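The structure under discussion appears below in the form of structure tokens.
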Amino acid sequence: MITLFCNANRPACIPHRQIHSDRLPGSRFWPVGTVQTLIFLLLGLSASGIKAADRPNVVWILSEDNSKHYLQLFDPAGTATPNIAAMAKEGVLFQRAFSNAPVCSVARTTLLTGCYAPRIGTQYHRRSKLAAMPTDVQMFPAYLRSAGYYTTNNRKEDYNAVKADNVWDDSSRKASWKNRPSTETPFFHMQTFVQSHEGSLHFSRQKMESEPTNHAPNKVTLAPYHPDTKTLRYTHARYLDRIQDIDQLVGDVIQQLEADGVLEETFVFYFGDHGGVLPRSKGYPYEAGLHVPLVVRVPEKFKDLSPLPRSSQTDGFVEFVDFGPTVLDLAGVEIPSGVDGIPFMGSQTTSAELEQRNEAFGYADRFDEKYDMIRTLRIGDWKYIRNYESFLPAGLQNNYRYRMLAYQEWRSQYRQGTLNPKQQQFYQAKPLEGLYNLQTDPHEINNLAQDPQYQERLVAMRTRLQERMQAMPDLSLIPESQLVAEGLDNPVQYGQKMKKRIAKYLQTVDLCLLPIDQAVPELRRALSSSDPLERMWAWTACCCIADQVSELESLAHKQSTQDPHRLTRIRATQFLAILGKTDPRPAIYKELASTKSTVEALEILNTAVYIQDHLTPGLKIDPEQLQFSFDVDPKGEVARRVLYFSN
């Protein structure tokens with residue numbers, strides 16, 4: 001559907017698509033189908049005659065790896081950020097802004113595409129293979145360029161999808177709006193500051209002892225899941241120092257825009273590129289990993305494009321899928337029909353509509369060499385977390401993460417048995433489902449999923465999540481190794497082809513949520529399926545409730561050796577190991593030696609780390625037994641796992 005709108009500060013009647021109310025059930029998707037040829041013809045005719053003064057500029061300022069919890073503007077435990085606070089006084093503060101993923105490559109790909117990563121095959125960090133972009137979507141700066149904008153990125157990209165040549169005019173350390181061909185040219189600029197990155201906390205014990213922090217460690221407010229130690233307090237204080245560094249850099253950008261005479265023609269967004277970065281944040285889809293700070297400074301000249309007045313704030317939910325469509329709408333550029341996001345500023349958004357938004361979807365899959373599959377749904381102040389591999393602890397080894405002294409100390413204290421129950425959770429098996437009241441439990445440590453008085457809410461949120469995943473469909477129900485081999489040349493088409501099967505796999509892995517007398521016969525049926533992935537997900541469900549389905553042991557012995565599908569054999573072996581009925585190492589060594597897929601090897605190695613570190617104390621993986629039929633990339637994820645076993 002196309003509508004023409006006019007605005008006093010824009011050229012007359014630029015075509016724009018209305019927000020549709022007939023999206024797919026259980027999703028925020030736009031209907032498939034577009035009139036892009038007409039759009040680009042119209043834009044092409046008008047863009048050459050449009051001056052910068054007719055359309056707003058947009059600048060994104062991103063700080064790496066920080067959630068909203070470190071800014072006093074959003075959280076009393078945070079630090080003062082006067083420059084960002086000044087932006088809020090001249091714009092809109094978004095109390096509920098969310099990255100859809102708690103790690104950079106997945107989050108940034110979501111930002112640039114406006115699409116949920118599990119729908120378009122970009123959900124794994126780091127990518128094993130770049131996914132082709134959907135055929136009906138480009139990375140959104142390409143649409144701005146077609147409409148006459150100068151687009152720049154300084155400088156981090158880190159995308160999991162193939163970037164076309166038409167996305168950026170310049171993406172480099174020198175990229176700046178200052179380099180645009182004319183002051184008449186409107187611009188979009190994306191600026192990333194790395195000073196708050198996780199790596200800033202990879203300091204040595206010696207540095208910790210010799211470098212004092214500006215913030216007093218004894219005054220920081222620790223999360224209740226963190227042990228109260230000198231290391232955690234110093235790490236937290238050091239990170240608050242980094243946030244103040246970020247604030248100064250944000251102020252510098254505002255000053256540059258003002259000095260260039262374009263500040264009051266420019267929407268300036270400040271936000272974190274996802275959450276982080278103390279332990280249990282970056283890489284984990286808790287609020288500390290997903291809930292980001294967002295402030296948008298609204299220029300006086302274009303204040304009518306903001307649904308809210310300057311110096312206001314909103315509790316309306318916005319997600320990273322919405323950011324690109326928002327920029328396109330501010331620029332008067334047609335939003336492609338294939339994106340999942342909805343603008344939260346511009347001609348299509350009213351204050352009433354924005355305030356009514358109350359839902360955010362999150363995903364966490366592989367982070368470097370560490371696999372998991374978690375989906376989250378937040379509705380208002382309630383958070384639902386579905387852990388599809390609940391037997392895996394959140395604190396499973398990730399080499400990069402455990403460079404941080406705070407991580408190392410936390411795990412050491414767990415192994416020594418000195419932590420309280422809340423502090424132990426990170427290193428224990430996860431619950432199948434988590435239900436959290438964020439108003440009373442902002443740190444997500446008191447799971448209400450088993451509380452009888454909340455069962456109606458639990459079932460409603462579970463059902464809503466299932467609907468959304470099926471509507472996509474969610475490609476993580478296909479093992480990454482198979483997705484890389486079969487689907488990444490056209491992930492959206494592949495997902496539609498596999499949609500019914502993906503729905504079946506989701507139903508299968510969710511069998512572990514049924515009462516056990518209903519689950520067992522259904523699991524037996526799924527384990528006898530001719531579809532290997534249905535059998536694999538059935539064993540995954542069994543691993544989550546192993547003690548309750550021990551009667552399936554004999555079938556597991558059979559399928560662990562005779563099933564024709566390698567990952568099904570591994571899941572059956574893992575089930576037996578959880579029951580304590582087998583030494584899984586010979587099977588692991590055998591399957592690693594026979595696979596020709598580096599991705600499949602990585603999936604198997606994840607099981608090996610889980611078994612060694614968390615399942616069977618004293619059972620060690622012998623690195624000498626890790627043989628591969630392919631050349632191991634010394635800088636790749638498989639090498640990281642081998643290195644861990646060798647240390």
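Protection proxy ranking for 506-513, 520-527, using the average of other Cβ atoms within 10 Å per residue and placing the highest first: 506-513, 520-527. Straight-line cross-link reach from Lys89 at under 13 Å between alpha-carbon atoms covers these aspartates and glutamates, not counting any fewer than eight positions away in the same chain: Glu300. Going by neighbour counts of Cβ atoms within 10 Å, the residues His291, His565 line up, fewest first, as His565, His291. Modelled label positions at Arg403 and Thr561, each set 7 Å beyond Cα in the direction of Cβ, lie 4.4 nm from each other.
Where a ≥ b ≥ c are the square roots of the eigenvalues of the C-alpha gyration tensor, would you call the range 248-318 rounded, which needs a/c under 1.5, or, failing that, prolate if a/b is larger than b/c, or oblate? Here the range 248-318 falls in the oblate category. For the range 544-623 versus the range 61-100, the inter-centroid distance based on Cα atoms is 44 Å. Note on Asp547 and Lys207: their simple-model spin labels are 4.3 nm apart, each label 7 Å out from Cα toward Cβ. The order of Asp136, Asp322, Asp304, going from fewest to most other C-beta atoms within 10 Å of their C-beta, is Asp304, Asp136, Asp322.
How high is the relative contact order of the range 374-455, in percent, with contacts defined as C-alpha pairs under 8 Å that are six or more residues apart?
36 percent
Against the set (i) 0.97; (ii) 1.02; (iii) 1.29, the structure's computed Cα Rg over 2.2 N^0.38 Å falls on (i).
Between 0 and 90 degrees, the angle of helix 516-527 with respect to the longest Cα principal axis of the chain falls at about 90 degrees.
Of Val327, Val632, Val321, how do they rank once you tally other Cβ atoms within 10 Å and put the fewest first?
Details: Val327 28, Val632 15, Val321 25.
Fewest to most other Cβ atoms nearby, the residues stand as Val632, Val321, Val327.
For the listed peptides 161-167, 579-585, a ranking on the average number of other beta carbons within 10 Å per residue, highest first, reads 579-585, 161-167. Per residue, the average separation of C-alpha pairs within less than 8 Å and at least 6 apart gives the range 497-647 a relative contact order of 15 percent.
Based on DSSP H runs of at least 4 residues, each adding -39500 (n - 2.57), what is the mean residue ellipticity at 222 nm of the chain after dividing by all its residues, to the nearest 500 deg cm²/dmol?
Details: 23 runs with 235 residues, N = 647.
The per-residue figure over the chain is -10500 deg cm²/dmol.
Against the chain, whose longest principal axis comes from its Cα atoms, helix 637-646 is set at around 50 degrees. Helix 104-113 axis versus longest C-alpha principal axis of the chain: approximately 50°, rounded to the nearest ten.
Compute the relative contact order of the chain as a whole-number percentage, counting only Cα pairs closer than 8 Å that sit 6 or more residues apart in sequence. Walk me through the numbers on the way to the answer.
Numbers: 1252 pairs, mean separation 105.5, N = 647.
16 percent.
Put a plus charge on the Cβ of each Lys and Arg, a minus charge on the Cβ of each Asp and Glu, and nothing anywhere else: the dipole of the range 225-360 about its Cα centre is then about 680 debye. A DSSP coil position with no more than 13 other Cβ atoms inside 10 Å describes the following GluC sites (Glu not before Pro) in the range 112-202: Glu184.
Bear in mind these aren't lab numbers, they're just calculated from the coordinates by the rules spelled out. A quick note: this is a predicted structure, and the numbers were derived from the prediction, not measured. Neighbour counts run over all protein chains shown; Cβ positions are idealised from the backbone, glycine included.
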